[in-house]
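Trainee: I'd like to ask some things about the structure below.
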Amino acid sequence: MAINNTNWPELIFDQLKDTVATVQLWTQIVGKIRLKKTPWLNHSWHVTLYVYPRGLTTHSIPNGDGSFQIDFDFIAHELIVTCSSGESQKIELYPRTVASFYKELFEKLKILGIDVTIYAKPNEIDPAIPFEQDEVHRSYDKEQINKFFKALLTINTIFTGFRSKFSGKCSPVHFFWGAFDLAVTRFSGRRAPLHPGGVPNMPDRVTQEAYSHEVSSCGFWPGNEQFPHPAFYAYCYPTPAAFSEQPVKPTQAFYSTEMGEFFLKYDDVRLAADPEKTLLEFLETTYIAAANTGNWDRNALECDLSWLEG
């Protein structure tokens, strides 16, 4: 099978990292607006963003008798705030500071009559520079963020297909702005031991509620300085001792003792003869590793969709 460069664009960490560092902080500002205006949903699912045909979106956010939505458009390179009243405001996305973005966004919200106050410092990042003081992060490479978005589009579709094979409790496929990753999480249905917490600039009680029940989770992440590769990951909580020893596919997948999870580099998927099949092998075998070592009731939690093919 020929590699579709449109669906699987090349992502080079060193070319992407500065833009990701800035856009992650922009998404945190938008995500925190959703957090403050949306009723709580278990495991902080009310704070996430979602992949849509032009970028990342909050979907509808309650606001008094109406609602509004905030969209990152990584094709036109705009942030759009749309209200149920019919009004809207736009912000141009270009190499600008986090402080500039924060100031203009809240000016636009005021024009639209949206009253919201957020905790104006980043989470899961250290150091956590207050948004209105951050003149450091100011990168925005349109080509790089568009490539990253195109990869998210493809991966979101594959994750959604993977999600459909599980009849137990499962998260949406959603984008967490804390770690800047696209993720989907399956649940065994049993409570988990209290999580130790320790995530930078994140209250332990939030992490502990997120991991209140046993999970098998997978996702896609752009990498960091310690692991400078866009990659897929898979982990479970709690983590049985035998989890790391389980056979997973494809052969390029590996277990990181330091991180406590399996990884598969994005390039190993992108350059495969069949990228979708390769990624699904990773998702399915790492889930099986978690379910088998964690003694999940797989017969009760999994579903057979072969009848749809008839």
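Trainee: Looking at 57, 82, 27, 22, which is the one that is among the hydroxyl-bearing types (Ser, Thr, Tyr), in contact with a Lys or Arg (Cβ under 8 Å, 6 or more places away or on another chain) and closer than 22 Å to residue 152 by Cβ?
Mentor: 22
Trainee: Taking the options 121, 147, name whichever one is basic (Lys, Arg) and farther than 30 Å from residue 206 by Cα.
Mentor: Going through 121, 147 in turn, just one is basic (Lys, Arg) and farther than 30 Å from residue 206 by Cα: 147.
Trainee: State the number of residues belonging to the range 62-76 that are within 21 Å of the chain's Cα centre (by Cα) and either surrounded by 17 or more Cβ atoms within 10 Å (Cβ to Cβ) or among the charged types (D, E, K, R) (or both).
Mentor: Adding up the residues that qualify gives 6.
Trainee: Then there's this: Is it the case, given these coordinates, that residue 185 is crowded, with 17+ Cβ neighbours inside 10 Å and either closer than 17 Å to residue 51 by Cβ or without any contact (Cβ under 8 Å) to a residue 40 or more places away in the chain (or both)?
Mentor: It is true that residue 185 is crowded, with 17+ Cβ neighbours inside 10 Å and either closer than 17 Å to residue 51 by Cβ or without any contact (Cβ under 8 Å) to a residue 40 or more places away in the chain (or both).
Trainee: Applying the selection to the range 60-109, what residues are part of a loop (DSSP other than H, G, I, E, B), aliphatic (A, V, I, L, M) and touching a residue at least 24 places away in the same chain (Cβ under 8 Å)?
Mentor: Within the range 60-109, 75, 93 qualify.
Trainee: Out of the range 97-133, which residues are of a type in the set (D, E, K, R), surrounded by 15 or more Cβ atoms within 10 Å (Cβ to Cβ) and under 23 Å from the mean Cα position of the chain (by Cα)?
Mentor: 121, 124
Trainee: Looking only at the range 51-61, count how many residues are surrounded by 15 or more Cβ atoms within 10 Å (Cβ to Cβ) and either among the hydrophobic types (A, V, I, L, M, F, W, C) or under 30 Å from residue 213 (Cα atoms) (or both).
Mentor: Of the residues in the range 51-61, 7 are surrounded by 15 or more Cβ atoms within 10 Å (Cβ to Cβ) and either among the hydrophobic types (A, V, I, L, M, F, W, C) or under 30 Å from residue 213 (Cα atoms) (or both).
Trainee: Cβ-Cβ below 6 Å, separation at least six or inter-chain, first residue in the range 285-300 and small (Gly, Ala, Ser), second surrounded by fewer than 18 Cβ atoms within 10 Å (Cβ to Cβ) and in a helix (DSSP H, G or I): which pairs?
Mentor: Every condition considered, the pairs that remain are 291/298.
Trainee: Kindly evaluate residue 94 against the criterion of being loosely packed, with under 15 Cβ neighbours inside 10 Å, under 30 Å from residue 194 (Cα atoms) and among the aromatic types (Phe, Trp, Tyr).
Mentor: Taking the combined requirement at face value, the residue does not satisfy it.
Trainee: Moving to a separate point now. Within the range 188-203, count every residue that is of a type in the set (Gly, Ala, Ser), loosely packed, with under 15 Cβ neighbours inside 10 Å and in contact (Cβ under 8 Å) with a residue 24 or more places away in the chain.
Mentor: 1
Trainee: Which pairs do you get when a residue that is touching a residue at least 12 places away in the same chain (Cβ under 8 Å), found in the range 247-264, comes within reach of a residue that is part of a loop (DSSP other than H, G, I, E, B) and crowded, with 19+ Cβ neighbours inside 10 Å, reach meaning Cβ atoms under 6 angstrom, with the pair 6+ apart or on two chains?
Mentor: Listed by first residue and then by second, the contacts come to 262/248; 262/253; 264/253.
Trainee: Would you confirm, using the coordinates I've provided, whether residue 220 is touching a residue at least 60 places away in the same chain (Cβ under 8 Å) and aromatic (Phe, Trp, Tyr)?
Mentor: Yes, satisfied.
Trainee: I would also like to ask the following. Test each condition in (1) buried (at least 17 other Cβ atoms within 10 Å of the Cβ); (2) of a type outside the set (Asp, Glu); (3) touching a His at 6+ places or on another chain (Cβ under 8 Å) for residue 39 and report the one that comes out false.
Mentor: So residue 39 meets the others, but not (1).
Trainee: Now a separate question. Can you give me the ranges of the strands (runs of 3 or more DSSP E) entirely in the range 204-310 with at least 2 residues that are surrounded by 18 or more Cβ atoms within 10 Å (Cβ to Cβ)?
Mentor: In the range 204-310, the matching strands (runs of 3 or more DSSP E) lie at 213-221, 231-237, 261-265.
Trainee: Still on this structure: Taking the criterion of being hydroxyl-bearing (Ser, Thr, Tyr) and touching a helix residue (DSSP H, G or I) at 6+ places or on another chain (Cβ under 7 Å), would at least one residue in the range 25-33 satisfy it?
Mentor: Scanning the range 25-33, I find no residue that is hydroxyl-bearing (Ser, Thr, Tyr) and touching a helix residue (DSSP H, G or I) at 6+ places or on another chain (Cβ under 7 Å), so the answer is no.
Trainee: Return the total of residues in the range 45-59 being part of a strand (DSSP E or B) and without any contact (Cβ under 8 Å) to a residue 40 or more places away in the chain.
Mentor: Result for the range 45-59: 2.
Just so you know, all these numbers are worked out from the coordinates, no wet-lab data involved. Being a predicted model, the structure only gives us computed values, none of them experimental. Please note: Cβ atoms are built from the backbone with ideal geometry, for glycine as well, and neighbour counts cover all protein chains shown.
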